[in-house]
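Visitor: Quick one: structure below, then a few questions.
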Amino acid sequence: MQRLVLWDVDGTLLKTNGTGTDALHRALSRVVGRTPPEPLAYAMGTLDPAIVALHLEALEADPGIHLPAVLAASVEELHAARDELVQRGEVMPGVREVLAALADRDGVLQTLLTGNVRANAILKTSAFALDQWLDFDVGAYGEDAEERHALVGVVLERVQRLRGRSFDPAEAWVVGDTAHDLACARRSGARCLLVDTGWGLPDGAGKEADAFMADLSDTAAVVDVILGP
Ligand SMILES: [Mg+2]
């Protein structure tokens with residue numbers, strides 16, 4: 001038995017409680033000189049480069065010109081706000097216990113599958129000391145594909161190339177909190193554990209997932225689901 005656990009970051013492992021959005025707004029301010037008058041609505045689970053592009057379009061700035069600079073500035077701004085991130089942010093219930101319990105099991109490899117760019121994903125999870133259980137090098141991040149569902153294949157390839165391990169998509173669990181996470185798993189043949197963090201889950205999405213929980217606080221139940229048949 002082996003399992004590849006692909007963790008979403010925002011809403012699933014942790015919440016930044018606005019620190020991430022604030023960093024993006026400061027980055028926009030630096031690069032294009034203005035920010036949206038109100039926070040923009042976009043679907044939770046969207047990849048970061050697409051979120052930046054949406055903001056640039058709303059500000060009538062050309063993503064083709066400004067996107068790389070805003071992404072780079074958003075990484076710098078979030079790094080500068082690390083202390084604020086730790087103060088305002090929070091690890092979701094049960095996450096530390098589940099990460100630790102799964103890390104103790106033979107055959108389990110845990111990494112990130114997230115719309116965050118790699119630098120921000122590592123910063124956020126490391127700020128809350130979750131990095132000890134995650135193999136970042138085989139993860140897949142916002143800059144690795146145009147669409148979230150393609151990120152599963154990116155992880156499988158990296159695991160094979162960097163760790164010499166081969167996983168079938170059915171041995172992979174996407175753990176997430178939005179319809180994007182579910183669609184990502186469905187389109188790639190992975191399984192999906194959805195957690196209801198109150199963001200972005202349409203009615204009925206829980207029933208479509210392979211497993212659905214209000215949160216991850218029942219460590220034994222989560223481990224049973226992931227290691228189950
Ligand atoms: Mg999420």
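Visitor: Given the conditions (1) out of contact with any helix residue (DSSP H, G or I) (no Cβ under 9 Å at 6 or more places or on another chain); (2) in the same structural domain as residue 128 (by TED's automatic domain parsing), which single one is not true for residue 94?
Guide: The failed condition is (1).
Visitor: Mind listing whichever residues of region 192-214 are open to solvent by 10 Å² or more (accessible area, probe 1.4 Å) and either more than 16 Å from the chain's Cα centre (by Cα) or not assigned by TED's automatic domain parsing to the domain that holds residue 156 (or both)?
Guide: Matches in region 192-214: 202, 203, 204, 206, 207, 208, 209, 210, 211, 212, 213, 214.
Visitor: So, residue 28, is that one more than 16 Å from the ligand (Cβ to nearest atom), in contact with a Ser or Thr (Cβ under 7 Å, 6 or more places away or on another chain), among the aliphatic types (A, V, I, L, M) and open to solvent by less than 30 Å² (accessible area, probe 1.4 Å) or not?
Guide: For residue 28, the condition - more than 16 Å from the ligand (Cβ to nearest atom), in contact with a Ser or Thr (Cβ under 7 Å, 6 or more places away or on another chain), among the aliphatic types (A, V, I, L, M) and open to solvent by less than 30 Å² (accessible area, probe 1.4 Å) - is met.
Visitor: A follow-up question, please. Scanning for something open to solvent by 10 Å² or more (accessible area, probe 1.4 Å), under 23 Å from residue 155 (Cβ atoms), part of a strand (DSSP E or B) and in contact with an Asp or Glu (Cβ under 8 Å, 6 or more places away or on another chain), does region 94-117 turn up at least one residue?
Guide: Yes, that holds for at least one residue.
Visitor: Mind checking which pairs have a first residue in region 200-216 that is within 16 Å of the ligand (Cβ to nearest atom) and a second that is at pLDDT below 80 and part of a loop (DSSP other than H, G, I, E, B), Cβ under 8 Å, 6 or more apart or different chains?
Guide: Partner pairs satisfying both residue conditions: 200/43; 200/44; 200/45.
Visitor: Can you tell me which residue within region 172-191, out of those that are charged (D, E, K, R) and either within 16 Å of residue 92 (Cβ to Cβ) or not assigned by TED's automatic domain parsing to the domain that holds residue 102 (or both), is farthest from the ligand (Cβ to nearest atom)?
Guide: 181
Visitor: Residues in region 86-105 that are more than 11 Å from residue 128 (Cβ to Cβ) and without any contact (Cβ under 8 Å) to a residue 40 or more places away in the chain: how many?
Guide: Number of matching residues: 4.
The values are calculated or read from the model by the stated rules, or taken from the named source; none is laboratory data. Quick caveat: nothing in here was measured; it's all calculated off a predicted structure. Note: ideal-geometry Cβ built from the backbone for every residue, glycine included; neighbour counts use all protein chains shown. Only protein heavy atoms, including side chains, enter the accessible area calculation; ligands, DNA and RNA are left aside. Shrake-Rupley method; radii C 1.70, N 1.55, O 1.52, S 1.80 Å.
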